[in-house]
Structures are given as structure tokens and as C-alpha cells.
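The values are calculated or read from the model by the stated rules, or taken from the named source; none is laboratory data. Bear in mind the structure is a predicted one, so any value in this text is a computation, not a measurement. When we count neighbours, we look across all protein chains shown, and the Cβ atoms used for this are built from the backbone with ideal geometry, even at glycine.
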């Protein structure tokens, strides 16, 4: 997925990443031809001054639980990321790995849900919610990027078998997926008490 993101934004784009961050993201971006700018993490997300000074076009964050720091972005930090993206034609890539199993009573809103400017790309996977052996990730694009994505990258074939896609569609459509996530979340809360 990360390679597709570089292809979408262009090989000359500058991607700002949380530092420290998941090394394979930086490696993938660099190999795909993007420039990477690491931004230091604070207690609630990327340090304000570093974010204000970056020349990046795209900010890639893990707001739920950054790896390896474990930092969760505060609500005000998420809004700060959106304000940053609102200056010019910048974008945020929200990598929302495992937030479905948050132990918070109320699920935290994603940056994607908070954005009113159509400038957040949302990434996630089913490997935590269903099974690690189900290697299915997905990307939700802002409306304004869909046409350009289709024209530049629409020729790529989906590597996920059709059967698995249909099964996921059925699970989501019938509400079984949401019930499963809620059941697991309740169990994790009980274990944590």
C-alpha cells in the first residue's frame, strides 16, 4: 500500500514520518523514490515546532498507537495535523493499525472522520481484527484523489482473492464484523480490569 501512496503523490514528494517510526515505511518510501523527513515525537504526537517547520507534502502518522513509541495522539494533536494539512495542498496519511480494539469506553475519532477538507488518506488492515493470516489491507481515499488514483494507478490488479473479498463484504454488510469487534473489545476491557 505504501508504494501505491508514493505513486499517487509522486516520487518527488516529501513524506514526514513520526520518529521513531516503523522502519519498513521509511524504507518503502525511499525505495519508491520519495524523500523522507523524520519528525520527533512528544508525549501526545509529533512535536509542534517540528511539524510547523517541515517542508513535507504528506504527513504519515499512527495516531492510535505509534510504533515503537506507543504514543497515542491527543484530540488537539489530531486537529493540529489537520490544520497543518489545510495549509496549501498537503495531505495526512492516517495509518490506523489496531485502533478497533481500543480499551477506551468511547472509540476515539479518526483524523479521517474529523477532516472536513477532504485531505486525509485512511489506511487499515483486517490482520488484527480478523486474523493475522488474512493479509488484507485497505485504503480510503479523499474524494478529490479518487479520479487521479484511477487514472494513474487503476491498472493495478487486486492481489486479494475474490472469495476473501466477497466474504469480507458479507461480514461487513450483515453487521457481523462490527459485532465481532465489539465482542473482542469488551473481552479485552474485562481482561484489563
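Close Cβ contacts (under 9 Å, 6 or more residues apart or on different chains) running from residues in the stretch 136-152 that are part of a helix (DSSP H, G or I) to residues that are surrounded by fewer than 12 Cβ atoms within 10 Å (Cβ to Cβ) and modelled with pLDDT under 85 are absent.
Okay, residues lined up against (1) surrounded by fewer than 14 Cβ atoms within 10 Å (Cβ to Cβ); (2) in contact with a helix residue (DSSP H, G or I) (Cβ under 7 Å, 6 or more places away or on another chain); (3) part of a strand (DSSP E or B):
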| residue | (1), (2), (3) |
| --- | --- |
| 64 | no, yes, no |
| 69 | no, no, no |
| 82 | no, yes, no |
| 89 | yes, no, no |
| 93 | no, yes, yes |
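The set of residues from the stretch 110-128 being crowded, with 18+ Cβ neighbours inside 10 Å and touching a helix residue (DSSP H, G or I) at 6+ places or on another chain (Cβ under 6 Å) comprises 111, 115, 119, 120, 122.
Just one of (1) surrounded by 14 or more Cβ atoms within 10 Å (Cβ to Cβ); (2) in a helix (DSSP H, G or I); (3) at pLDDT below 95 fails for residue 97. It is (2). Quick check on the stretch 155-183: of everything there that is in a loop (DSSP other than H, G, I, E, B) and touching a helix residue (DSSP H, G or I) at 6+ places or on another chain (Cβ under 9 Å), which residue is farthest from residue 7 (Cα to Cα)? Result: 160.
Picking from residues in the stretch 6-19 that are in contact with a helix residue (DSSP H, G or I) (Cβ under 8 Å, 6 or more places away or on another chain) and at pLDDT below 90, the one that is nearest to residue 149 (Cα to Cα) is 8.
Test residue 51 against the criterion of being assigned to a strand (DSSP E or B) and crowded, with 18+ Cβ neighbours inside 10 Å, and give yes or no. Judged against the criteria, residue 51 is not a match. Taking the stretch 18-33 as the range and being assigned to a helix (DSSP H, G or I) and either under 11 Å from residue 62 (Cβ atoms) or touching a residue at least 60 places away in the same chain (Cβ under 8 Å) (or both) as the test, only 25 passes.
Only a single criterion out of (1) closer than 30 Å to residue 118 by Cα; (2) at pLDDT below 80 is not satisfied by residue 189, namely (1).
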